[in-house]
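Undergrad: Once you've had a glance at the structure underneath, I'll fire off some questions.
The values are calculated or read from the model by the stated rules, or taken from the named source; none is laboratory data. Remember, it's a predicted structure, so these values are computed and weren't measured experimentally. With ideal geometry, Cβ positions are generated from the backbone for all residues, glycine too; neighbour counts draw on all protein chains shown.
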Amino acid sequence: MWHFVLLVVCAAAIYFSCEWFVNAVEWLGRRMNVGRMAVGTILAAFGTALPESVVTLIAVTTGGTAEARDIGVGAAMGGPLALATVAYGVTGVVLLARRRKVRAQALVAAGGGGSEDARRDEVLTEPGQARRLAKDQRWFVAVFVVKVVLGLVAFAIKPWLGLLFFAAYAVYFWREMRGGHGEQGADEALEPLKIQPRRESPATWAVVVQTLATLGVIFVASQLFVHQLDAIGPMLGLSGAVTALLLSPIATELPEIMNAIIWVRQGKISLALANISGAMMIQATVPSGLGLLFTDWRFDGALLWSGIVTMIAIAYLLTILRTDKFTPARLSLAGGLYLVFAVGLVPVLT
């Protein structure tokens, strides 16, 4: 019973910490003078993915057995899968829930004759944003295909290729931080910093303190959440392998999902989508580089299946982006691919 209570408490702690985190990270982006999209793709994504990368580093470097080190490999594959399916799917569902309100606001703004405006609000991205999001997904899939192929082969210098994954993220980081300074919405008014609500422009030290403090809470609560799932899985009759492959990835990506929900609720859809795509790039590179350097990086059937479903999810997202059909309803369908993964996992593990 206590495991279920702690699960709810941890989820609530993650959500409210993420509210304070996204508030701080937007101010951090303003202080660092980075583009609006980079706030989501780099600052928010890097902050929430860093604790997971530390856990992966500990697993692959200090694991006493091959099974323990394989936890890091599973995390490197499970994270992108959860983001490409569950995170995007949940974002679509939340957007569907507020679509009626958005349409009503569009009609009021258009004086009652704004059916085209309502349709444009339903399509989540402007053409420029769609191209940028599609470019991020192409970056991801290029790196992801390489990491899957490397999991199927063995050769002497394979561990050193892990350094190339770090280099790939460095290039992506540099590109995102340099671009987008003139993006739409970059000069919009931000909500007051939570710890300095009466100041129109908070002190830099306060922005940094709120960012780091909330990250600390998110890290601790996320780890407790994972531990509770590990305990609840057997209570529900789930094997350790199923718990690790199905439930743990969702738990580790919960901060990114919460960030997306909060930004969607605030009407900042571009930041929500950028946060997920940026987190996917981190998950495709940093944990993979660590896994290549410190493990055999060999995939079994379950890991290969997770890679296949992830690539199907990205292909689906690219298709709806290119055809101007990137709507909440179609985005929510991405979550169904996680169910496809779960169903396909049964014969793989038996």
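Undergrad: Can you go through Ala221, Ala274, Ala302 and tell me which one is out of contact with any His (no Cβ under 8 Å at 6 or more places or on another chain) and within 20 Å of Leu331 (Cβ to Cβ)?
TA: From the options Ala221, Ala274, Ala302, the qualifying one is Ala274.
Undergrad: Something else now. Determine whether region 255-277 contains at least one residue that is of a type outside the set (Val, Ile, Thr), more than 30 Å from Arg98 (Cβ to Cβ) and touching a Phe, Trp or Tyr at 6+ places or on another chain (Cβ under 9 Å).
TA: no
Undergrad: Under the condition of being among the small types (Gly, Ala, Ser), modelled with pLDDT under 85 and in a helix (DSSP H, G or I), which residue from region 10-54 is nearest to Leu83 (Cα to Cα)?
TA: Ala49
Undergrad: Out of (1) over 16 Å from the mean Cα position of the chain (by Cα); (2) over 16 Å from Val286 (Cβ atoms); (3) touching a residue at least 60 places away in the same chain (Cβ under 8 Å), what's the single condition that is false for Leu163?
TA: (2)
Undergrad: Pull up region 306-350, narrow it to residues that are of a type in the set (Phe, Trp, Tyr) and at pLDDT 90 or above, then point me to the one that is nearest to the chain's Cα centre (by Cα).
TA: Tyr338
Undergrad: Checking Leu271 against (1) within 14 Å of the chain's Cα centre (by Cα); (2) at pLDDT 90 or above, only one condition comes out false. Which one?
TA: Against the list (1) within 14 Å of the chain's Cα centre (by Cα); (2) at pLDDT 90 or above, Leu271 comes up short only on (2).
Undergrad: Another question, if that's okay. Quick one: which residue in Arg322, Arg298 is basic (Lys, Arg) and touching a Leu at 6+ places or on another chain (Cβ under 9 Å)?
TA: Within the list Arg322, Arg298, the selection yields Arg298.
Undergrad: Output the residue which, of all residues in region 268-312 that are of a type in the set (S, T, N, Q) and not in a loop (DSSP other than H, G, I, E, B), is surrounded by the fewest Cβ atoms within 10 Å (Cβ to Cβ).
TA: Ser270
Undergrad: Among the residues of region 132-157 satisfying the criterion of being within 18 Å of Glu176 (Cβ to Cβ) and without any contact (Cβ under 8 Å) to a residue 24 or more places away in the chain, which is surrounded by the fewest Cβ atoms within 10 Å (Cβ to Cβ)?
TA: Filtering region 132-157 for residues that are within 18 Å of Glu176 (Cβ to Cβ) and without any contact (Cβ under 8 Å) to a residue 24 or more places away in the chain, the one surrounded by the fewest Cβ atoms within 10 Å (Cβ to Cβ) comes out as Ala142.
Undergrad: Over 21 Å from Pro287 (Cα atoms), modelled with pLDDT under 80 and surrounded by fewer than 23 Cβ atoms within 10 Å (Cβ to Cβ): is that true of Leu7 in this structure?
TA: So Leu7 fails the test.
Undergrad: Going by the conditions given, is Gln228 touching a His at 6+ places or on another chain (Cβ under 6 Å), of a type outside the set (Val, Ile, Thr) and part of a helix (DSSP H, G or I)?
TA: Spelling it out, Gln228 is indeed touching a His at 6+ places or on another chain (Cβ under 6 Å), of a type outside the set (Val, Ile, Thr) and part of a helix (DSSP H, G or I).
Undergrad: Give the number of residues within region 330-350 that are more than 12 Å from Thr85 (Cα to Cα) and in contact with a Gly (Cβ under 7 Å, 6 or more places away or on another chain).
TA: 1
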